[in-house]
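Let me begin by presenting the structure, written as structure tokens, before commenting on it.
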Amino acid sequence: MSDRLHGHVLVVDDDPVNRLLLRRALEREGLTVEVAVDGGEALVALARGAGFDIVLLDIVMPVLDGFEVLARMRADPATAALPVVVISGSDSSADVVRAIGLGADDVLPKPFDPALLRARLTSGLARKRLADLEREYREQVGYVVDAAAAVERGEFEPGSLDAVAERPDALGVLARVFARMTREVAVREQRLRAQVGALRIEIDEARAARTVAAITETDYFADLQRRAAELRSGPGRQDQENR
Amino acid sequence: MTAIVSVHSFRGGTGKSNTTANVAAVFAGRGLRVGVVDLDILSPGIHVLFGVDQDGLDRHLDGFLWGRYPLRDAVREVTPPGVAGRIWLVPSSVAPHDIARVMAEGYDVGLLGDGVRALAAELELDVLLLDTHPGLNEETLLSIAMSDALAIVLRPDHQDYEGTHVTVSVARKLAVPRTVLVVNKTPESFDPAEVAARVAAAYDTPVAAVVPHSEELMVLSSGGIFVLHHPDHPVAALYGQLADQLLGSAVRA
Ligand SMILES: Nc1ncnc2c1ncn2[C@@H]1O[C@H](COP(=O)(O)OP(=O)(O)OP(=O)(O)O)[C@@H](O)[C@H]1O
Ligand SMILES: [Mg+2]
């Protein structure tokens, strides 16, 4: 058996036998499967955000048919890019044209050929993975852009780029450099604030004056003041008296 | 002639003794004859920086003040090897009973002034450095009154600002010819030029040096003089700059 597939599939079909056959075939390939018995249930499952990677969609169903499901999926940004393989019992080319026109990625005739189904799944899942990576990339570019704006507003959260910084690519390098630079700037700013705080030299003039008075308004001090000049021209320097 | 220089700070632990010892070494390095008196009688310590073992401190300033011997007998030469000039130190006693006696009985402050000046003449000193006790007690006031230059050491810290202001005011009243500030233990991250500008403006007094808080300086303090161990370090240049400003053109080697 060739490489197993990975992914979560939504099978939408009103026919219980078809559902069972599809589920078996898919699980044999290694996929996990959820089923919906009509278009309404399918939309509910999709709205739950269950993380589907691909949808296999029947056309003729009660409540909502496959065309309607497809149209609504493509109109909703959350599912607009989710790969859809239509499995149609009708071999009218008008139906195929309509399905593709509504945004189906592929159309398979019923009963399905397992090899063909596998090929469609493989390419659909690959497309999905690529789309996911692209979306994640765009999202993470968005984080870096947001971080720059946050720095401008002075609201940058240091850990906010950690996830992006783990990327092995150029965007990861950008995030790491950006985070390091903002850290350095933050440290510098903090030091500057500490310096400004420490150098705010505010003196209680009145209290200082009282202390000075207590020291200087004494007889001892008055005597020192009188003698200071004489003290400074002591015996050590008589040769310098007229300096 | 002898230039008398006091090194003072209002609060303790600012780095007076370190500053005094380094400036003494700078002067001696320039070939001057330098005296150092430990006027911090209540908590002496500068002898440690000159490598003097306290067990050998049998002659000291205290003994002179009690009339036991002339000050000349309390002097010891501590010139470090390879230095062009000379350094003599008058230590204070570290014996608890001596310190207790000073506290209890005091001493004749006038005798101190006469002794110091006689010593300067006898040893033909170019510079006499006085390492003082924090605060402004009588012997500190005397040392300031005798001084041709005064270095007031402060840390860039709110605890030191008001006391420094008091000291600057007192020095003005005693008409000290030359007063400079030394900002010591400055966090490495501070901008020295900014610190100097702010402090000089706040006290209307020149700042002779902004010395960083230095790990190397701290490590050396238990028996070493920074400028001798690290003559090419930027901090050594700061002490050189301070020495220049303390003497100006008064003394040349
Ligand atoms: N620039 C500096 N960087 C780091 N440590 C320093 C610096 N200057 C002084 N110190 C340290 O601070 C302590 C006090 O220094 P020093 O004894 O010179 O201060 P002092 O003002 O003479 O203190 P005291 O008031 O107790 O006499 C010492 O351990 C010394 O090593
Ligand atoms: Mg000291």
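The values are calculated or read from the model by the stated rules, or taken from the named source; none is laboratory data. Everything quoted here is computed from the prediction, not taken from an experiment. A quick note on method: Cβ atoms are made from the backbone with ideal geometry, for glycine too, and the neighbour counts reach across all protein chains shown.
Observations
- Flag if B:Ala209 is within 14 Å of chain A (Cβ to nearest Cβ) and under 25 Å from A:Gly197 (Cβ atoms): no
- In segment B:126-140, the qualifying residues are those that are at pLDDT 90 or above and surrounded by fewer than 24 Cβ atoms within 10 Å (Cβ to Cβ), and the one that is nearest to ligand 1 (Cβ to nearest atom) is B:Pro134.
- Options B:Arg76, B:Arg33, B:Arg86: the member that is in contact (Cβ under 8 Å) with a residue 60 or more places away in the chain, over 27 Å from B:Thr186 (Cβ atoms) and basic (Lys, Arg): B:Arg33
- Counting only residues that are crowded, with 16+ Cβ neighbours inside 10 Å and of a type in the set (S, T, N, Q), segment A:123-143 holds 1 of them.
- Flag if B:Gly51 is away from ligand 2 (no atom under 13 Å from the Cβ), in a loop (DSSP other than H, G, I, E, B) and either more than 14 Å from chain A (Cβ to nearest Cβ) or under 12 Å from B:Ile225 (Cβ atoms) (or both): yes
- From the list A:Val44, A:Val12, A:Val35, the lone residue that is over 16 Å from A:Thr79 (Cβ atoms) and in the same structural domain as A:Lys110 (by TED's automatic domain parsing) is A:Val35.
- Considering the conditions (1) hydrophobic (A, V, I, L, M, F, W, C); (2) closer than 20 Å to A:Gly124 by Cβ; (3) surrounded by fewer than 13 Cβ atoms within 10 Å (Cβ to Cβ), A:Leu31 is excluded by exactly one of them, (3).
- Single condition B:Ala145 does not satisfy, out of (1) buried (at least 19 other Cβ atoms within 10 Å of the Cβ); (2) within 16 Å of ligand 1 (Cβ to nearest atom): (2)
- Residues satisfying the stated conditions in segment A:30-49, i.e. assigned to a loop (DSSP other than H, G, I, E, B) and more than 18 Å from A:His8 (Cα to Cα): A:Asp38
- For segment A:144-173, the set of residues classified as within 12 Å of the chain's Cα centre (by Cα) and surrounded by fewer than 15 Cβ atoms within 10 Å (Cβ to Cβ) consists of A:Val145, A:Asp146, A:Gly159, A:Asp162, A:Ala163, A:Glu166, listed by residue number.
- Qualifying positions in segment A:156-173 - part of a helix (DSSP H, G or I) and farther than 28 Å from B:Ser189 by Cβ: A:Ala163, A:Val164, A:Ala170, A:Leu171, A:Gly172, A:Val173
- Test: B:Arg68 is basic (Lys, Arg), within 15 Å of ligand 1 (Cβ to nearest atom) and either more than 14 Å from every other protein chain (Cβ to nearest Cβ) or not in a helix (DSSP H, G or I) (or both): no
- Any hit, segment B:176-190, residues being of a type in the set (S, T, N, Q), within 12 Å of chain A (Cβ to nearest Cβ) and more than 23 Å from B:Ala120 (Cα to Cα): yes
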